């Protein structure tokens, strides 16, 4: 709106390139906040393939102007690579699901839509004796594929490195809000390394989590973790 004229600069790009964006914009940055949650609005768009609540293509790209789709990924990866991808998403049945998908691909029965993939994964769970769960069996599979398609772990590491370049000289604060244990491990490890190098100090020692009241009002916040560091500046 007009109230933000001259105060807001919107850039379409990857946060992994934050140092480049800041340099090209010619601005001074004293604080950075990364919210690693993906947009609920995007998730509700069936053609993005991020959810199995509605039928859509196996896309899963957050930026649909670039990159490989989840469907294309499933068409080419080996069983061992697919198992590794699913394991990175903390999928407990990574090996049998990967094996079943590769076998389905060989016989021309590879799932082509979000609903088909969700049903396929549910079938693997059922055959393995899992009958009831509060979480849909395909939840972690979809998350793992989304993480790999969008190179989320790789981009997070680049984002953190770029943020250090931006903030280290002049000083400033970096806050990161994660929603998955894999993301949190990367942030925790990186911050620990920076503190050991005396490049930064913790804003708070332990990660911050939402209060029970917030989780009741917004169940999607239950897995949120925030960590922060400050750079003194050179």
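Quick note: the coordinates plus some simple rules give every number you see, no bench work behind them. Since this is a predicted model, take the numbers as computed values, not measurements. Cβ coordinates were reconstructed from backbone atoms using ideal geometry, including for glycine residues, and neighbour counts include every protein chain displayed.
Things worth noting here:
- Taking the longest Cα principal axis of the chain as reference, the axis of helix 139-149 is set at about 60 degrees.
- Helix-only mean residue ellipticity at 222 nm for the chain, each DSSP H run of n ≥ 4 adding -39500 (n - 2.57), per residue, nearest 500: -13500 deg cm²/dmol
- Sorted by Cβ neighbour density within 10 Å, fewest at the top, the residues 21, 95, 180: 95, 21, 180
- Across region 45-149, the mean sequence separation of Cα contacts (distance under 8 Å, 6 or more residues apart), normalised by length, yields a relative contact order of 33 percent.
- Relative contact order of the chain, taken over Cα pairs closer than 8 Å and 6 or more residues apart, is 23 percent.
- Dividing the C-alpha radius of gyration of the chain by 2.2 N^0.38 Å, with N its residue count, gives 1.14.
- Taking 0.36 nm per residue of separation and subtracting the current Cα-Cα distance, fully stretching the chain between residue 76 and residue 165 would add 28.4 nm.
- Helix 152-167 and the longest principal axis of the C-alpha atoms of the chain enclose an angle of approximately 0°.
- Distance from the C-alpha centroid of region 103-176 to that of region 193-231: 21 Å, rounded to the whole angstrom.
- Antiparallel %, DSSP beta bridges [both residues in the chain], to 5: 70 percent
- Principal-axis tilt of helix 94-106 within the chain, Cα atoms, nearest 10 degrees: 60 degrees
- Counting beta carbons within 10 Å around each of 120, 52 and listing the fewest first gives the order 120, 52.
- At full extension, residue 103 and residue 139 could sit 10.8 nm farther apart than now, given 0.36 nm per residue minus the alpha carbon distance.
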